[in-house]
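The values are calculated or read from the model by the stated rules, or taken from the named source; none is laboratory data. Since this is a predicted model, take the numbers as computed values, not measurements. With ideal geometry, Cβ positions are generated from the backbone for all residues, glycine too; neighbour counts draw on all protein chains shown.
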Amino acid sequence: MRALTGPTRVRPYLTDLEHMMTVPTITTAGVETPAGTHSTHGVLAVVAPYGTGKHYLSEIVARGWDCIAVRPSDALLPPMYRGALDPDGYRQVVVHNGDMQATSAALRKAGVTAIVAGTEIGVPIAEILAHRLGLPGNDPQTSHLRRDKGAMAAALHDAGLEAPRSLSTDNLGNALAWASMQSGAEFVLKPADSGGSDGVAFVSSPEQLQAAWHQLHQVPNALGGTNEFLILQERLRGTQYVVNSVSSPAPGSGITRHAFTEIWADHRTTGHLYDRLVMLQPSKLIPRMLAQYTAKVLDVLGISYGPAHTEVMYVPRRGPVLIETGARPEGSYDPIAMREATGSDHVRDAVDTVIQGRPGLYAHGRRPRRSITKVSLIAPHDGTLDPTVLETLLALPTVKGHVGALRPGARVTRTVDLLTSPGRLTLVADTDAAIDADCEAIRDLEADGLYVKAAK
């Protein structure tokens, strides 16, 4: 067996995956078609418009375009997305059941002029549909590079870029043998294509690796995969960052332009419990280095069109090293609060790129200089949200918005990763001191009764 950065055998990849107004809908042949008028500007289709992707609708309609939702059928959807689509405001909801020819025909008939992925599960579908319709998009032949974490690392290694030493395998014996040959004793075992720290396990011994393998291998993950292949990587030690970008081909040159719209320092508590993201000023040295490295990453991974969300570790004496990239907007993201704070957000930046062929005014680091932090809530146990404490928390002076079901009495589960956090708050102020004071207040409120234990 050879020590590799990429898969030990080719991982099979499924490329042909078998708040406006209330509009009534009818369903015919897998296409739910609302009654209403059509735009003369253009028609954008959002594939899997869940999470942050649902915010494409209002931004597109505000530009005078029509918006169509491409909803994977329940058989293709992870459980957390089933029933989550609100059809109001979409000109049509096209149900994709795995038949790319039928879905392409429906979008062609609707006059679709642009296609984007709303969330991670929509990435390969959107790329195939754009290619079939002759619309701008990333090459579907390289979709696996933008979804499979092992393929990402292997592609960067082959291109001479820093990447974590990695093995993608479906065999525990191979994983144990590979780990025994690596320098260092700390590794990360994770699904090849999930997200939000789902299934991420830190291991430092053969026994821990075996235990984590048996917990993860061939178990359904949060994004609908089956964890047939797992990724074993060296555990990177350093400071983690998040880099949001939008990309577009420069007219007539064949060169891709990458605009870096947001760079965040990612602070965590222990393991993969998220604490806060702190927005950095792009003129500083570290953000500039991250942008230069990420631009090379995006080129290698074939991201030439639309938004990308990239996680990078800055490792001392080594520099930036990729953790992973997603060819879609950042998840667990409040575009409304970001827009009010800075004038734009990742979704608006993406729409500017799709419609105008270039990012808008506030890309390239030209956002107003304000202190912005996103705080992830951490529930220590299952329970419900106390109404009085929740009201106090949401009324803190720097809290400008949130994502998550933060309603009085809402049920919460113990937080073990980003997907199980009760929500994320966006804090905005003119000074870092004001942000720090409210961050401390948030943790105090969590400790002082925000989470009411469920009665036994």
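Residue count for the range 201-232, restricted to those that are farther than 16 Å from Arg147 by Cβ and touching a helix residue (DSSP H, G or I) at 6+ places or on another chain (Cβ under 9 Å): 11. When Trp213 is tested against (1) closer than 29 Å to Ile128 by Cα; (2) surrounded by 15 or more Cβ atoms within 10 Å (Cβ to Cβ); (3) not basic (Lys, Arg), just one condition goes unmet, and that condition is (1).
If we keep just the residues of the range 405-456 that are at pLDDT 95 or above, basic (Lys, Arg) and part of a strand (DSSP E or B), which is farthest from the chain's Cα centre (by Cα)? Checked the range 405-456; the qualifying residue farthest from the chain's Cα centre (by Cα) is Arg411. Checking Val312, Val297, Val246 one by one, the residue that is within 17 Å of the chain's Cα centre (by Cα), among the β-branched types (Val, Ile, Thr) and over 21 Å from Lys374 (Cβ atoms) is Val297 and no other.
Residues that are at pLDDT below 50 number at least 2 in the following strands (runs of 3 or more DSSP E) confined to the range 1-84: 25-28, 31-34. For the range 216-240, the candidate set comprises residues that are out of contact with any Pro (no Cβ under 8 Å at 6 or more places or on another chain) and either of a type in the set (S, T, N, Q) or buried (at least 21 other Cβ atoms within 10 Å of the Cβ) (or both); within that set, the residue that is farthest from Ala327 (Cα to Cα) is Gln218.
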